[in-house]
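Engineer: Got a structure for you, questions after.
The values are calculated or read from the model by the stated rules, or taken from the named source; none is laboratory data. Computed from a predicted model, the values in this text were never measured in an experiment. Quick reminder, even Gly has a Cβ in these numbers, built from the backbone with ideal geometry, and neighbours come from all protein chains shown.
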Amino acid sequence: MERRKFLKNASLTGVGLAVGSTLVNCVENTSEGKPIPTESQEKGSIPLVIATWHVMDATAKAWEVLQAGGNSLDAVEQGCKVEEANEAGQSVGKGGLPDRDGNVTLDACIMDKHGNCGSVVYLQNVVHAVSVARKVMEDTPHVMLAGKGAEQFAYELGFPKEDLLTEASKKAWEEWKITSQYKPIINIENHDTIGMLAIDKNGDISGACTTSGLAFKMAGRVGDSPIIGSGLFVDNEIGACVATGLGEEVVKTVGSFLVVELMRQGKTPQEACEEAISRIVNKPNSDYKNFQVGYIAVNKKGVTGSYSIHQWFSMTKYQDGKNEQIQSDYFNKV
Ligand code: SD4
């Protein structure tokens with residue numbers, strides 16, 4: 001099922017079958033005495049790459065980088081670029097659906113094994129937001145650049161200026177305008193994001209996340225995807241997590257940082273993702289039936305987990321030479 005349809009269906013129905021199960025966790029000590037979570041029922045292996053949703057071409061590109069001896073940072077950047085360049089995907093980079101005023105604005109971030117990070121928010125007219133985010137990390141003393149400043153920075157580095165609004169996305173926006181309701185709270189997502197995590201042959205972890213955000217958002221709106229700790233977090237000693245779905249809910253619970261910290265405390269990636277989702281759905285008056293959030297996570301050993309509020313979230317995993325889409329277990333089974 002396409003991600004877009006899934007999000008609509010998931011937020012409206014939330015019914016389906018259960019997959020996966022909570023894994024048994026144990027903790028072992030490294031030589032430095034630091035706890036590293038391990039799985040007793042699922043064996044991890046490295047290198048590997050995982051990404052949100054069904055993005056086999058993107059994970060294949062990242063895997064190719066890893067197989068050639070490349071590092072995890074290059075792998076996640078190259079992998080995310082595949083989706084950014086894919087005009088058919090109306091969620092990321094070129095062809096992304098615009099905000100209510102017709103502007104395509106991109107959010108992206110990247111984080112490396114040293115805990116360095118870079119991000120761009122509200123970036124316009126530049127396709128490869130993830131690469132600009134990497135340049136923010138590597139070439140500036142800052143973590144985030146926004147709007148015109150980010151765009152100008154990209155041009156100075158030689159990134160080409162491009163109109164990101166394709167005919168198909170413009171048409172979708174025009175159709176949306178006929179019935180649009182300008183609500184401050186988005187209750188049905190119709191968007192998707194690519195978040196990618198990789199571990200290279202040296203065991204080093206990196207992550208990246210890139211999106212055009214929620215379709216038909218208010219002008220100026222920024223989601224979780226470029227916010228370090230919310231949309232993405234990497235701790236090279238523990239593991240990493242990346243989020244997708246309604247960014248406002250992820251930001252409110254600092255979701256990706258939470259998942260990594262739960263793994264630090266000994267939870268498996270699966271358990272940590274489940275706990276982070278439970279923090280959202282168990283809030284008093286949570287409106288979770290009307291939105292989707294999904295997390296994917298990996299620990300230092302290459303054990304992975306994923307969990308979402310509603311059915312039909314999936315992750316793509318390239319591990320042990322196999323590139324496959326894996327349906328995520330989910331909370332709302334009624
Ligand atoms: C956002 N989290 O801007 C992104 C959108 C997304 O699946 O991931 N949708 O809120």
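Engineer: Do you know which of the residues in the range 212-242 that are crowded, with 24+ Cβ neighbours inside 10 Å, of a type in the set (S, T, N, Q) and at pLDDT 95 or above is nearest to LEU165 (Cα to Cα)?
Structural biologist: Here the residue is SER225.
Engineer: Does GLY207 count as within 16 Å of the ligand (Cβ to nearest atom), of a type outside the set (D, E, K, R) and either under 30 Å from SER180 (Cα atoms) or in a loop (DSSP other than H, G, I, E, B) (or both)?
Structural biologist: Working: within 16 Å of the ligand (Cβ to nearest atom): yes; of a type outside the set (D, E, K, R): yes; either under 30 Å from SER180 (Cα atoms) or in a loop (DSSP other than H, G, I, E, B) (or both): no.
No.
Engineer: May I pose another question? Checking ALA133 against (1) crowded, with 24+ Cβ neighbours inside 10 Å; (2) within 19 Å of LEU214 (Cα to Cα), which test does it fail?
Structural biologist: Single failed check for ALA133: (2).
Engineer: Being near the ligand (Cβ under 9 Å from one of its atoms) and of a type outside the set (Gly, Ala, Ser) is the filter here; which residues of the range 210-225 pass it?
Structural biologist: THR211, LEU214, LYS217, ARG221, VAL222, ASP224
Engineer: Would it be correct to say that ASP235 is more than 9 Å from the ligand (Cβ to nearest atom) and charged (D, E, K, R)?
Structural biologist: Considered against the rule, which asks whether it is more than 9 Å from the ligand (Cβ to nearest atom) and charged (D, E, K, R), ASP235 comes out as yes.
Engineer: Of the residues TYR295, TYR330, which is within 14 Å of the ligand (Cβ to nearest atom), among the hydroxyl-bearing types (Ser, Thr, Tyr) and touching a residue at least 24 places away in the same chain (Cβ under 8 Å)? Talk me through it step by step, then tell me what you get.
Structural biologist: On the way: TYR330 fails: within 14 Å of the ligand (Cβ to nearest atom).
Going through TYR295, TYR330 in turn, the sole match is TYR295.
Engineer: Please work out which residue is surrounded by the most Cβ atoms within 10 Å (Cβ to Cβ), limiting yourself to the range 42-56 and to residues that are assigned to a loop (DSSP other than H, G, I, E, B) and within 16 Å of the ligand (Cβ to nearest atom). Don't jump to the end; show me each part of the working.
Structural biologist: First pass over the range 42-56, keeping only residues assigned to a loop (DSSP other than H, G, I, E, B): 42-47, 53-55.
With the extra rule that they be within 16 Å of the ligand (Cβ to nearest atom), the set shrinks to 53-55.
Values: TRP53: 26, HIS54: 18, VAL55: 28.
Top of the filtered list is VAL55.
Engineer: Follow-up question, since we're still on this one. Take GLY294 and decide whether it is touching a Cys at 6+ places or on another chain (Cβ under 9 Å), under 19 Å from SER206 (Cβ atoms) and surrounded by 24 or more Cβ atoms within 10 Å (Cβ to Cβ). Before you say what the answer is, go through the steps one by one.
Structural biologist: Working: touching a Cys at 6+ places or on another chain (Cβ under 9 Å): yes; under 19 Å from SER206 (Cβ atoms): no; surrounded by 24 or more Cβ atoms within 10 Å (Cβ to Cβ): yes.
Here the answer is no, as GLY294 does not meet what is asked.
Engineer: What tally of residues in the range 266-291 results from selecting those that are surrounded by 20 or more Cβ atoms within 10 Å (Cβ to Cβ) and of a type in the set (S, T, N, Q)?
Structural biologist: Taking the range 266-291 as the starting set, the residues that turn out to be surrounded by 20 or more Cβ atoms within 10 Å (Cβ to Cβ) are 267-274, 276-277, 280, 288, 291.
Pick out the ones that are also of a type in the set (S, T, N, Q) and you get 268, 270.
The total comes to 2.
Engineer: Consider only pairs whose beta carbons are under 9 Å apart and that are at least six residues apart or on different chains; among these, list those whose first residue lies in the range 210-228 and is part of a loop (DSSP other than H, G, I, E, B) and whose second residue is among the basic types (Lys, Arg) and within 10 Å of the ligand (Cβ to nearest atom).
Structural biologist: GLY213/ARG221; LEU214/ARG221; ALA215/ARG4; GLY223/LYS217
Engineer: GLU84 is checked against (1) away from the ligand (no atom under 16 Å from the Cβ); (2) touching a residue at least 12 places away in the same chain (Cβ under 8 Å) and fails just one. What number does that condition carry?
Structural biologist: Evaluating GLU84 over (1) away from the ligand (no atom under 16 Å from the Cβ); (2) touching a residue at least 12 places away in the same chain (Cβ under 8 Å) leaves (1) as the failure.
Engineer: Let me ask something else. Look through the range 243-264, keep the residues that are in contact (Cβ under 8 Å) with a residue 40 or more places away in the chain and away from the ligand (no atom under 12 Å from the Cβ), and return whichever of them is surrounded by the most Cβ atoms within 10 Å (Cβ to Cβ).
Structural biologist: By that ranking, first place goes to MET263.
Engineer: Just one of (1) modelled with pLDDT under 95; (2) away from the ligand (no atom under 15 Å from the Cβ); (3) surrounded by 17 or more Cβ atoms within 10 Å (Cβ to Cβ) trips up HIS191, so point out which.
Structural biologist: (2)
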